[in-house]
Every structure is written in C-alpha cells, then in structure tokens.
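Single-structure report; data block below.
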Amino acid sequence: TSEWFITLNDRNTFLDQPANNQFTVFGRVIRNTMTVVDTIAHLGRVNASVTTNTQPPQTFNGAFNEVPVLNVSTVQAKHDVDNTDVVLMNDAIVLNYPKGDYNFDGKVDVNDYNVWKTNFGSTTAAEADGNGNGKVDDADYTVWRDSFGQMSGPGSGAAAAVPEPASVLLFVMAAAMLLVSRIRRSREW
C-alpha cells in the first residue's frame, strides 16, 4: 500500500526477512523507463526512519533509512522530510502482456524473437528477460517459444482464444439441455 522498492541489485536480502514482512517481486522495469529509475537512483538520500531514546533503542520505519530526496540541503535545513521533498509515484497499473511478448505490442510473434536474439547475454535488457533471472538467456527463448506455440498461426497476430473453464462448462450444459429438449420433441412427434 505504501512501500515500493525498485531494486538495483540482487543483494536486497533484508526484503526477504520475516521481520520485514517478506516483500515479493511483482514487476519489472520495461522499455526506456530505466532512465527514470537511474535518475531517482542518483538522487541524494536521507535517513527518514525514527529511533527512540528508550533502552534498548527501537527503530520505526526502518525501510525509510535511504529515502531519495530532490534536495538534501533543504531536508537537512528543516530537519524534516515531506511530500515536496521526495519522489512520489502517482499511479501504478497492471500491464497484462503475454509471456514472451518482448516488444510489448500485445502479441507473441517473430518480432519478440528478434528482441530476444538482439539482447541475448544482456543483464540490463529486462524486457527480454522473460523468466526474470536477471539475464537474457536460453530460458527466455523457451518462454518465447512456448508462448509463440499458443498463437493461432505465424504472422496472424492474434492469440488463440482460450475460453475460461466456467464458460466451457456453461456451453456444455447448454448443449446438453438443447440435446435433451430435441430428444423430447422427437418422441412427442
């Protein structure tokens, strides 16, 4: 609800600790938006956590020990951090792209293969890292290949429709009812 982390390395094990509510990875930076992340990463940081004077001291809001701020001097001068000092995320949306859609156009096709091939071996091309292991490798080709196999045909651009299980059940029930109805009518004649 409020604590969002963009990890810049694989060594943020503190996020896995039960005492820190065991955060989970749920997204990745795509396309050219890494420049935004890099800009935020180069901002100065302040410790906005609070430590009590009790014995033993207790720290609250420990996740805020490295908050990027727009101007460190301003924050230090007022001894406080408020919304005008920090980078705020105004909105988050879920992007429902199919697995293997490495160019994010909504379909898995040969263009996605070309994105994978061009970025093979990269540790920075997150868009082609289909399995999220931090490197564009053979496993990402497998993700693309398996997704491409679900297409209705090469070059068609349309993914094969996979009906929801409930709709299949409704269809089968409707067909059975229609069949029973026709059998009854044929007996009445």
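The numbers here are math on the coordinates, done by the rules we state, and not lab data. This one's a predicted model, so the numbers in the text were calculated from it and none came from an experiment. Because the Cβ atoms are built from the backbone with ideal geometry, glycine has one as well, and the counts that use them run over all protein chains shown.
Details
- The peptide list 124-136, 70-82, put in order of mean Cβ contacts within 10 Å with the highest first, becomes 124-136, 70-82.
- Gyration tensor (alpha-carbon) shape descriptor, the range 87-142, a/c threshold 1.5: oblate
- Given their separation in residues at 0.36 nm each and the Cα-Cα distance between them, ASN96 and VAL50 gain 12.7 nm when the chain is fully extended.
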